[in-house]
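What follows is one structure encoded as structure tokens, with my remarks underneath.
The values are calculated or read from the model by the stated rules, or taken from the named source; none is laboratory data. Only a predicted model underlies this, so the values are computations on that prediction, with no experimental measurement involved. Every residue, glycine as well, gets a Cβ built from its backbone with ideal geometry; the counts of neighbours run over all protein chains shown. With ligands, DNA and RNA removed, areas are computed over all heavy atoms of the protein, side chains included. Shrake-Rupley method; radii C 1.70, N 1.55, O 1.52, S 1.80 Å.
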Amino acid sequence: MRSLPDADPGVPDIRSPLRYLWWNARRQRGALLLGMCFATVWWLVQALVPAVLGKGVDAVTDKDAGALLTWSGILFALGLVQAVTGVMRHRLAVYNWLAAAYRTVQLTARQAARLGATLPKRLSTGEVVSVGNSDISHIGGSMDILLRGSGSIVAIVVVTVYLISTSLPLGLLVLFGVPLMAVAVGPLLRPLHRRQKEQRDITGDLSTRAADIVSGLRVLRGIGGEQVFAGRYREESQRVRHAGVRVARVESLLEGAQIVLPGLLIAAVTAVGASFAVADEISVGQLVSFYTYAVFLIGPLRTLTEMADKLTKGHVAARRVVRILEMEPEVTGGTGRSEGGVLRDSYSGVTLQPGWFTALAASAPEDAIAIADRLGRYAPGDVTFGQTDLAELPLPEVRSRILVADNGARLFTGTLRAELDVRADDRADDRTEAGDDDRAEAGDDERVWRALRAACAEDIVEALPDGLDAPVAEAGREFSGGQQQRLRLARALLADPEVLILVEPTSAVDAHSEARIAERLAAARAGRTTLVCTTSPLVLDRADHVIYVEDGRVLAEGAHRELLDSSPRYAATVTRGED
């Protein structure tokens, strides 16, 4: 089996669930068409078996050994064809399922990277997680069922034609009976569609609640809020259970209809066929064929009902995917170029001189965060980088040259070395081409340890049994808040961007460690543009230049000790005193 195809580069402009499912089908149309061909032959072979079986019964009744051997050989050949086409149909069904499901993962992951900071503002964590948990399965199932569903339609048509050619009343009975059964299950699909959507929405909310509890468990234990949040989680989980029961009620009716309706058709065909056989209007073999066809039709009819169910689920799942795909990032890039230089936010008046270690103290923490977001192009604003508007630069270039590191950043699973030095793989590829691996790897470790020392985090690594090769658990939960903050600072220093913007990088460490970090941070970033948003006097005293912001605007700037004497409001802010 060939490998799965990659998704299209970029994100397609798709605005409706049906268009998304159609787009997916077009992307894998070759595999879909081939799978439909195998499924159609597979169903047709099964549809021919009752007719051949009836001919064999007639040969036994007529005591015709030659005809019996002939029809037995044909039946054996049909069995072989059915086995081969069944295997290929199943392989292609799995392939199409995987292709559609994981193309959806690729698209949503690419869109999440494209949206960046916009995504968590628009959607909850649970809604995004539910795409990977359940929606991809339903989208894959909607592609899978197209194979058997299209083949079952062809099989029903062939059986109907055979029955009409053999007995017009029986053929008409099947011809009108099949559409009536399809119409009968129609009223169940709309409430099923509605209840499935409701269940998915509630499940997404529950996933968000669970993520919040897990990420804040340490804080909840500290304030004694575990029982409160556990009670809320139980209430929401009961809502999910009740929603699931409501969905199951409609699905049980649908499953029951898949048995009852074909059963009624079988009973009618068998009764009419038996009366024709008694009247010698059809042979015994034909009666056997009619009965076998009536039983056989259960399979295609169940497949049609299953196709309606899976396409409905796929439509509901596609609606959530489309909701993510149709979002646009709050900020976009251009095609301009910049040689760097002064980084200035015109609204606030904050100006970062190249090579300076600048500190920003704000009377309201949200003002500092807003300025950092504008300077890092995470929020729209009138910002210039040298002689160029920041909005005119390509967004990937902005991200590589200006790094905003705040306390919302997370540690991911993997080795600590790989987690800290995120660009190590790129350098390793370059070294492989240059043929100088060993010396460069030693240099990489030296860079890591220098960054750890600057972040006052050597003790964290030294306490680990495997050092830099120690595994990091999800979200770095084995580390305390202060340890995580120091490791994140080391990671930001290792990235070594042209402009580094740190938001409260020492808020969770003790005063002794904070003083050492302030001293070492200034030395580590010597000659590089750095902005630290903080109100810590220990950090402010080490800065080359301090900017004080109030109500989103620069109110005063200068050296830390000068501002303590000249700006009472600055002094009140950084000393936690009163104006």
- Note on the structure: Scan of the chain for GluC sites (Glu not before Pro) in DSSP loops with at most 11 other beta-carbon atoms within 10 Å gives a longest site-free stretch of 1-338
- Here segment 323-334 yields Karplus 3J(HN,Hα) values (6.51, -1.76, 1.60; θ = phi - 60°; whole Hz; Gly and Pro given as x) of 4, 6, 5, 7, 6, 10, x, 5, 10, 10, x, x
- Message: Show me, bin by bin at 10 Å from 0, the whole-percent P(r) of segment 132-176 based on Cα pairs.
- Response: 26, 29, 20, 16, 8, 1
- Query: Once phi is turned into θ = phi - 60°, what whole-Hz ³J(HN,Hα) does the Karplus curve with 6.51, -1.76 and 1.60 give for every residue of segment 339-347, x standing for Gly and Pro?
  - Reply: 7, x, x, 5, 9, 10, 9, 5, 5
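For segment 435-579, give the magnitude of the charge dipole about the Cα centre (Cβ charges: +1 Lys/Arg, -1 Asp/Glu; no others), in debye to the nearest 20. All intermediate terms of the calculation are to be shown ahead of the outcome.
Working: 17 positive and 29 negative charges, 91 e Å.
Roughly 440 debye, rounded to the nearest 20.
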- So which lysines can Lys197 reach, going by Cα to Cα under 18 Å and dropping same-chain residues fewer than 8 places off? Lys310, Lys313
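On full extension of the chain, what length is gained from Leu172 through Ser480, given 0.36 nm per residue of separation minus the C-alpha to C-alpha distance?
On the way: separation 308, 0.36 × 308 = 110.88 nm, distance 7.51 nm.
Net length gain for the segment: 103.4 nm.
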- Query: Ignoring ligands, DNA and RNA, what accessible area per residue does the chain give at 1.4 Å, in Å²?
  - Reply: 49 Å²
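In debye, nearest 20, what is the charge dipole magnitude of the chain about its Cα centre with +1 on Lys and Arg Cβ and -1 on Asp and Glu Cβ, if you could check? Working shown, then result.
Numbers: 64 positive and 71 negative charges, 492 e Å.
Charge dipole, the chain, about its Cα centre: 2360 debye, nearest 20.
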- Can you tell me the 0 to 90 degree angle between the C-alpha axis of helix 437-454 and the longest principal axis of the chain, rounded to 10? 60 degrees
- Query: Amide H to amide H, which residues 5 or more places from Glu557 or on other chains are under 5 Å from it, using H placed in the peptide plane?
  - Reply: Tyr548
- Cross-link reach list, lysines versus Lys63, counting only Cα pairs under 23 Å and skipping chain neighbours closer than eight places: Lys55
- Within the accessible area of segment 1-113, what % is carbon and sulfur when the probe is 1.4 Å and the other protein chains stay in place? 68 percent
- Query: Between Val472 and residues 5 or more places away or on another chain, which pairs have amide H atoms under 5 Å apart, with H built 1.01 Å from N, and which residues are they?
  - Reply: Gly414, Thr415, Leu416
- Message: Using each residue's phi in segment 409-420, evaluate 6.51 cos²θ - 1.76 cosθ + 1.60 at θ = phi - 60° and report the 3J(HN,Hα) Karplus result to the nearest Hz, with x for Gly and Pro.
- Response: 5, 10, 8, 10, 6, x, 6, 5, 4, 5, 6, 7
- Query: What Rg and what Dmax come out for the chain when only alpha-carbon atoms are used, in angstroms?
  - Reply: 34.3, 119
- Message: If I take all pairs of Cα atoms in segment 82-185, what percentage of them are more than 23 Å from each other?
- Response: 54 percent
- Query: So who's got an amide H within less than 5 Å of the one on Val532, skipping anything under 5 residues away but keeping other chains? H placed 1.01 Å off N, in plane.
  - Reply: Thr358, Ala359, Leu360, Leu502
- When the Cα centres of segment 273-350 and segment 501-565 are compared, how far apart do they sit, in Å? 55 Å
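When you have a sec, figure out the Kirkwood radius of segment 245-363 from all distinct Cα pair distances and drop it here in Å to one decimal?
Values: mean 1/r = 0.0459 Å⁻¹.
Computed over Cα pairs of segment 245-363, the Kirkwood hydrodynamic radius comes out at 21.8 Å.
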- Task: Using every Cα-Cα pair within segment 15-135, state what percent have a distance larger than 20 Å.
- Result: 62 percent
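With a 1.4 Å probe and all protein chains left in place, how much of the accessible area of segment 325-399 comes from carbon and sulfur atoms, in whole percent? Walk me through the numbers before you get to the answer.
On the way: 1660 of 3300 Å².
The value for segment 325-399 is 50 percent carbon and sulfur by accessible area.
Apply 1/(1 + (r/R0)^6) to the Cβ-Cβ distance of Leu33 and Val554, taking R0 = 56 Å, and write down the FRET efficiency to the nearest 0.05.
Numbers: r = 65 Å, r/R0 = 1.16.
With R0 = 56 Å, the Cβ-Cβ based efficiency is 0.30.
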- Tell me, in nm to one decimal, what length is gained between Arg569 and Asp469 on full extension, where the rule is 0.36 nm per residue of separation less the Cα-Cα distance? 31.3 nm
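Given segment 280-347, what whole percent of its Cα pairs are spread farther than 20 Å?
On the way: 1572 of 2278 pairs.
Distances greater than 20 Å cover 69 percent of the Cα pairs.
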